[in-house]
Amino acid sequence: QLVESGGGLVQAGGSLRLSCAASGRTFGDYVMAWFRQAPGKEREFVASVGRKGGIHYEDSVKGRFTVSRDNATNTGHLYLNNVKPEDTATYYCAAVMSTAPFIFLTSHWQYDYWGQGTQVTVSS
C-alpha cells in the first residue's frame, strides 16, 4: 500500500514536500516514481528513483524538483521548489518490484502499485 501526503495550495515560486509512505512490502525491493495528472490531461512521469539510486526527472522539473527515498523508513519524498502554475495536478506515488538496484522507470504502465494521489495547486 502506498499513501501520499503533503499536497496543498502554494503560490508560484514556493515549495512543497510530498511524501509517500509504503507498507506491506519491503520497500527496498521496489523502484519508485512520482507521476502527476492535471484535469483533462494524461498521467505524466515526474521522477523516478531506483532501489539503491539511479534518478531520472522529466525535463520540465529538472533543477526544481528533487526525489528521494529512505528504504529504512519505507518512505519516499518529492521536493517541489520554485513551483509554477503548470505544476498544478494530482501527484501519485508508484512502485514496482525490480531485481536491478539502479534502474529507474518512466512509463506509468511499468508500475504495479499506486497511491491514491495528493493534490497540488499552484496559484499565480
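The values are calculated or read from the model by the stated rules, or taken from the named source; none is laboratory data. This one's a predicted model, so the numbers in the text were calculated from it and none came from an experiment. All Cβ positions, glycine included, derive from the backbone under ideal geometry; neighbour counts span all protein chains shown. With ligands, DNA and RNA removed, areas are computed over all heavy atoms of the protein, side chains included. Shrake-Rupley method; radii C 1.70, N 1.55, O 1.52, S 1.80 Å.
The criterion of being under 18 Å from G54 (Cβ atoms) and open to solvent by less than 20 Å² (accessible area, probe 1.4 Å) does not hold for Y91. Residues in region 94-120 that are touching a residue at least 40 places away in the same chain (Cβ under 8 Å), touching a helix residue (DSSP H, G or I) at 6+ places or on another chain (Cβ under 9 Å) and either of a type in the set (S, T, Y) or open to solvent by less than 40 Å² (accessible area, probe 1.4 Å) (or both): 5 in all. Just one of (1) exposed (fewer than 14 other Cβ atoms within 10 Å of the Cβ); (2) in contact (Cβ under 8 Å) with a residue 60 or more places away in the chain; (3) more than 17 Å from T99 (Cβ to Cβ) fails for P39. It is (2).
Inspection of region 13-24 finds no residue satisfying the criterion of being without any contact (Cβ under 8 Å) to a residue 60 or more places away in the chain, loosely packed, with under 14 Cβ neighbours inside 10 Å and outside any loop (DSSP other than H, G, I, E, B).
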